Amino acid sequence: MACVMILLVILIFSVSAFICMECQENVTTVEGHATLLFCILDPDNENSTLTWTKDNHTLEPSPRIKMKGQELWLLNTTSSDAGLYACQSSNSTCSMDSRVFLSVEAGPCPSPKDPALALEGTNFTLDCNEELIPVLGQRLQVQWWKDCKSTGVQGSEFSLLNVSMSNKGSYTCMVIFRYEDKNYTASHTFQLTVVKKEPVVKPSVIQPHNKTLHVKPGVEIKLECTVLIGFGEESKPEAAVYWLINHSYVASYPELQENLTTEMREDFLLYGNLTLFIPKVLPEFFGVPFQCIILSPSGMDTGQVWLSQDDDTIHAWLIIVALLTFAAVVGAVLIYFVKIDLILAYRQCKTPNDGSLYNAYVLCLHGKSPGSSTAVDLALRILPGMLEQQHNLKLFIQGRDTDTEESIHNMTDVLSRSKAVVLILPGNNGEENLIPLSQDQNRLEDSQLSVLFSDIAHSGVPLLLVESEEDADYSLLPGSIQSIVKKDRVLKWKPTVQPNGRFWKQLRYHMT
């Protein structure tokens, strides 16, 4: 048994002598700067022997490589210094390996190493002390750069007052030190993130503000109140939302119930909806304020509802007014569509006594073609057939009722005894489908037409313009006539018009 114990102690001691601890870190530096690598030592063994290697090659001190205790300094680091560095500390009982993988950047600023957080609106200080950047020899100067551009600030600390979002970025402190009569630079970069300050949101009642509800006694109702509570979910525990009835808490009425629901909307704003259930409206609820209140450390707001007793008489009057309004609207629409029919029926029953001999003077303007267009056919055949034969109207048609000379000399008298003047315009499409011109359908000369147009313009008799075809030729009308043409008295003729169509009704409406 004693032999077994001796063997076990020897085995434990032997294994402990070969325990190997390894750790590795990654370090980034900049060309031309001084770089410091640390060797991790066993704190319980002060007599450890240090050995530095790079890529498995033993390092020896040189004017550019300095070894001081557990520190390895690379002065004026070059790109060839990049690689795997290993430090082995060993003694009679323990061996420990520390590895560092060094990356060398072109610079001039190293990549950020330490993240820093600052709250918007506060003051913040970055510290580049000797513990953060130890040096060989004597510190001469500390310069601060932001986003790798010099700020002009010097000193171990860089202070930011009333931090804003524009302050975020990378901050590099450049430490210039002197060692063995030469100046060197060591650097460290912080990555500053600015946290946006939560906005101060005052609570408010969205609705109701000052609302009146008409209800009957004894009915069941719900009162809804929408409020803005604050910013984020953390604002909910700090806020109180409740109803008051005539300045008393709802707890005074056990039969009433309150229910609050919340919802997070845009920009992290928290809204609430407080419902007050009233199973039976009591007489004492009328004429007193129902107040919805939101209270938080940021402020207070109130909305108000009044209950008014519903009156059936008011409802009856509202229904009557609504029906009368509807009837008036329907009547106005019907009158608009049947106005002309009503007026024509009235005029047909009434005996005319205005002294007019003719219902209309009809003048058909000829196009540029030698034949007779559909405009002439409308004037000499279709109009008389419909208006004179079927509706007993009397027309004075130029070219049918007198010869040209007599027509011109007596035109003032004819116009004064006519209720309307009808000008029929031909189309401007080449005058297709010409009808042969009979001998008694003489055209007026331009000089005669000029006199005739002048008489029409000065007669004061209402003028109706009939477009007999598509693309009516308005160039046949002088300016004196075009200036008195009204849009509501321009009619379009189509062969498909029915005898009781709107075209004929409009003509008769202006002629009778």
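Got a sec? What order do Val288, Val227 fall in by accessible area at 1.4 Å, biggest, i.e. largest, first?
Values: Val288 20, Val227 0 Å².
So the residues, ranked largest to smallest area, are Val288, Val227.
Could you work out the Kirkwood radius for the range 197-338, taking every pair of different alpha carbons, averaging 1/r and inverting it, reported in Å?
Values: mean 1/r = 0.0564 Å⁻¹.
The Cα-based Kirkwood calculation yields 17.7 Å.
For the range 22-105, just the Cα set please: Rg and Dmax, both in angstrom.
Rg then Dmax for the range 22-105, in Å: 12.7, 40.
For Leu59 and Thr226, FRET efficiency with R0 = 51 Å and r from the beta-carbon atoms, rounded to 0.05?
It comes to 0.10.
Counting other C-beta atoms within 10 Å, and keeping those with at most 16, which DSSP coil trypsin sites (Lys or Arg not before Pro) do you find in the range 182-215? List each step's numbers first, then the result.
Numbers: sites: Lys182, Lys196, Lys197, Lys211; in loops: Lys196, Lys197.
Passing both the DSSP loop test and the Cβ count: Lys196, Lys197.
Can you give the local net charge around Tyr184? Use residues other than it whose beta-carbon is closer than 12 angstrom to its beta-carbon, Lys and Arg +1, Asp and Glu -1.
Residues near Tyr184 contribute +3 overall.
Looking at this model, which pairs from Lys211/Lys236; Lys197/Lys236; Lys202/Lys280 are more than 24 angstrom apart at the alpha-carbon?
Result: Lys211/Lys236; Lys202/Lys280 exceed 24 Å.
PRE reach from Tyr253 (point 7 Å along Cα→Cβ): which of the range 271-298 fall under 11 Å by backbone N?
276-291
Using the Karplus equation 6.51 cos²θ - 1.76 cosθ + 1.60 (θ = phi - 60°), what ³J(HN,Hα) coupling, rounded to whole Hz, does each residue of the range 115-124 give in order, writing x for Gly and Pro?
Karplus-based 3J(HN,Hα) across the range 115-124 equals x, 10, 10, 10, 8, 4, x, 9, 9, 9 Hz.
Which lysines does Lys492 reach when only Cα atoms under 27 Å apart count, and residues fewer than 8 places away in its own chain are ignored?
Partners found: Lys339, Lys368, Lys394, Lys419, Lys505.
Simple spin-label model, 7 Å along Cα-to-Cβ: Leu213 to Leu269 in nm?
In this crude spin-label approximation the distance works out to 2.5 nm.
Using a Cα-Cα cut-off of under 17 Å, which lysines could be cross-linked to Lys182, ignoring same-chain neighbours fewer than 8 residues away?
Output for Lys182: Lys66.
Which net charge results when you count Lys and Arg as +1 and Asp and Glu as -1 among the other residues whose beta-carbon is under 12 Å from that of Thr193?
Result for the neighbourhood of Thr193: 0.
Relative to the Cα centre, what is the charge dipole magnitude of the range 22-105, using +1 at the beta carbon of each Lys and Arg, -1 at the beta carbon of each Asp and Glu, and rounding to the nearest 20 debye?
Numbers: 5 positive and 12 negative charges, 54 e Å.
My answer is approximately 260 debye.
Taking a 1.4 Å probe, which of Ser475, Ser164 shows the most accessible area, and what order do the others take after it?
Accessible-area ranking of Ser475, Ser164, largest first: Ser475, Ser164.
Rg and Dmax of the range 114-195, Cα atoms, in Å?
Every Cα atom of the range 114-195 included, Rg and Dmax give 13.5, 45 Å.
Excluding ligands and nucleic acids, what accessible area in Å² is computed for Glu255 using a 1.4 Å probe, to the nearest 10?
Estimated to the nearest 10 Å², Glu255 gives 80 Å².
Just want to confirm a number: the relative contact order over the range 22-105, from Cα pairs under 8 angstrom separated by 6+ residues, in percent.
Numbers: 176 pairs, mean separation 37.5, N = 84.
Reported as a whole number, the value is 45 percent.
So how exposed is Lys486, as accessible area in Å² (1.4 Å probe, rounded to 10)?
110 Å²
The values are calculated or read from the model by the stated rules, or taken from the named source; none is laboratory data. Worth saying up front: this structure is predicted, and the values here are computed from it rather than measured. No Cβ is skipped: glycine too gets one built from the backbone with ideal geometry, and neighbour counts run over all protein chains shown. Just the protein is used for accessible areas: all its heavy atoms, side chains included, with ligands, DNA and RNA removed. Shrake-Rupley method; radii C 1.70, N 1.55, O 1.52, S 1.80 Å.
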